[in-house]
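The structure appears right after this line, and notes come after that.
The values are calculated or read from the model by the stated rules, or taken from the named source; none is laboratory data. From a predicted model like this one, the values you see are computed outputs, not experimental measurements. Cβ placement follows ideal geometry from the backbone for every residue including glycine, while neighbour counts extend to all protein chains displayed. Ligands, DNA and RNA are stripped out before the accessible areas are found, and what is left, the full protein with its side chains, is counted by its heavy atoms. Shrake-Rupley method; radii C 1.70, N 1.55, O 1.52, S 1.80 Å.
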Amino acid sequence: MTKIFLTGATGYVGGQVLHSLQQSNPKYDISVLVRDAKKASNVSAAYPTVCIVLADLDNTKVIEDEARNADIVIHAASNKHMKSVNAIAKGLAGRHNAYYIQITGASVLACPEIDNNSYGEPSDQVFDDLDNAEGLRGFIRSYRNRRPVENYILDLGSDGPKTAIIFPPIIYGAGEGPVNQRSIQIPSLAKAALQQRVGLYLGKGLSRWGTIHVSDLGKLFADLAQTAAKATEGPFWNENGLYFAENGIESFKDVASVIAKEAHSLGYIDSANSVRSMTLEEANNVIPHGAVVLGTNGQGTASRAKKLLGWQPTGEDFQKGVRNTIIAEAEKL
């Protein structure tokens, strides 16, 4: 029986990953790291066969031991917590038949704009994770100080576990995990639009990110786990293990327009064409690190998963997802 150790099971993405793993193969032996006893009870109520490991990311001894006992480790809790990444690597050291799947984000592609303090501007740079994997690796390696986790995993090479890094873009839709089912970017923009009665974008709004429904992202993790569990041979791991997850790419001005259109059709704002630009300060008030997550370019094409894993997005489309998010945020307000 394949043993999986998962972090982040009470979060939006990690919770969806847990749900997708259970859907794809109920026979997986899954252990999840949870730091809060109350949230742990929610996980146990939803998934009685899942083993709870009550600890946090700073409990590196626990994480190392759990990784050592697992066939597959999925780190969905953080892409910045270096101590936990080190602990996973130690637990999997020398185990060529073990697998390590790490979440990060399309914000890795925003490094040049962050350095130049340029937000809301367009970019011609679009990475393909299959046809231009070498270029993507080179780009990540050129930002070692800014992206230490991704570089650390790439540097593990072929001497340790087989590794994969997943780069989600804008994630939308209601999650199916046991605790947090709310995303960040689209709900925050929808909430601000409802409060100000206008769709919002940063600067010129011409920067672009991919979009993906959370269920499709969870399925990508599950597809990779299944590939690992079957020990399928192919260019899936290590230097080839870089995966974008997208079902289209949108500019943030277009996102604001979709929000305005749907909010108007629901009777929440006065005009379907009511959109305006935000300043950096406004963007950072709408959402933490708003300048980065609302004003940069994160354009990556998910060719590797589609062509090699047979992964195909089937979740609700972006406009319907936005509409349902507006309804949910309006109910909360």
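Computed quantities for the displayed model
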quantity: Residues of region 225-247 satisfying the condition of being open to solvent by 30 Å² or more (accessible area, probe 1.4 Å), closer than 23 Å to His213 by Cα and assigned to a loop (DSSP other than H, G, I, E, B); calculated: Asn247
quantity: Residue in region 196-211 that is surrounded by 16 or more Cβ atoms within 10 Å (Cβ to Cβ), at pLDDT 95 or above, touching a Lys or Arg at 6+ places or on another chain (Cβ under 8 Å) and of a type in the set (Ser, Thr, Tyr) present; calculated: yes
quantity: Some residue of region 30-50 being open to solvent by 20 Å² or more (accessible area, probe 1.4 Å), of a type in the set (Phe, Trp, Tyr) and either free of Cβ contacts under 8 Å to residues at least 12 places away in the same chain or not in a helix (DSSP H, G or I) (or both); calculated: yes
quantity: Residue in region 1-29 that is least open to solvent (accessible area, probe 1.4 Å), counting only those that are touching a strand residue (DSSP E or B) at 6+ places or on another chain (Cβ under 7 Å) and among the hydroxyl-bearing types (Ser, Thr, Tyr); calculated: Thr7
quantity: Pair list, Cβ under 7 Å, 6 or more apart: region 238-257 residue closer than 12 Å to Leu206 by Cβ, other residue of a type in the set (A, V, I, L, M) and open to solvent by less than 40 Å² (accessible area, probe 1.4 Å); calculated: Phe252/Leu202; Phe252/Leu294; Val255/Leu189; Ala256/Leu200
quantity: Any hit, region 78-88, residues being among the small types (Gly, Ala, Ser), in contact with an Asp or Glu (Cβ under 7 Å, 6 or more places away or on another chain) and in a helix (DSSP H, G or I); calculated: yes
quantity: Verdict on Val198 being under 20 Å from Ala106 (Cα atoms) and of a type in the set (A, V, I, L, M, F, W, C); calculated: no
quantity: Candidates Glu331, Glu316 - the one that is open to solvent by 30 Å² or more (accessible area, probe 1.4 Å), more than 23 Å from Ser123 (Cβ to Cβ) and in contact with a strand residue (DSSP E or B) (Cβ under 7 Å, 6 or more places away or on another chain); calculated: Glu316
quantity: Ser84 being closer than 24 Å to Gly11 by Cα and surrounded by fewer than 23 Cβ atoms within 10 Å (Cβ to Cβ); calculated: no
quantity: Answer from Asp71, Asp128, Asp56 - the residue that is touching a Lys or Arg at 6+ places or on another chain (Cβ under 7 Å), surrounded by fewer than 17 Cβ atoms within 10 Å (Cβ to Cβ) and of a type in the set (Asp, Glu); calculated: Asp56
quantity: Matching residues in region 255-290 - criterion: being open to solvent by less than 60 Å² (accessible area, probe 1.4 Å) and under 18 Å from the mean Cα position of the chain (by Cα); calculated: Ile287, Gly290
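For (1) closer than 30 Å to Phe5 by Cβ; (2) touching a helix residue (DSSP H, G or I) at 6+ places or on another chain (Cβ under 7 Å); (3) in contact (Cβ under 8 Å) with a residue 12 or more places away in the chain, each residue gets a yes or a no:
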residue: Ala98; (1), (2), (3): yes, yes, yes
residue: Ile103; (1), (2), (3): yes, yes, yes
residue: Ser107; (1), (2), (3): yes, yes, yes
residue: Asn116; (1), (2), (3): no, no, no
residue: Arg144; (1), (2), (3): yes, yes, no
residue: Leu154; (1), (2), (3): yes, yes, yes
residue: Lys162; (1), (2), (3): yes, yes, yes
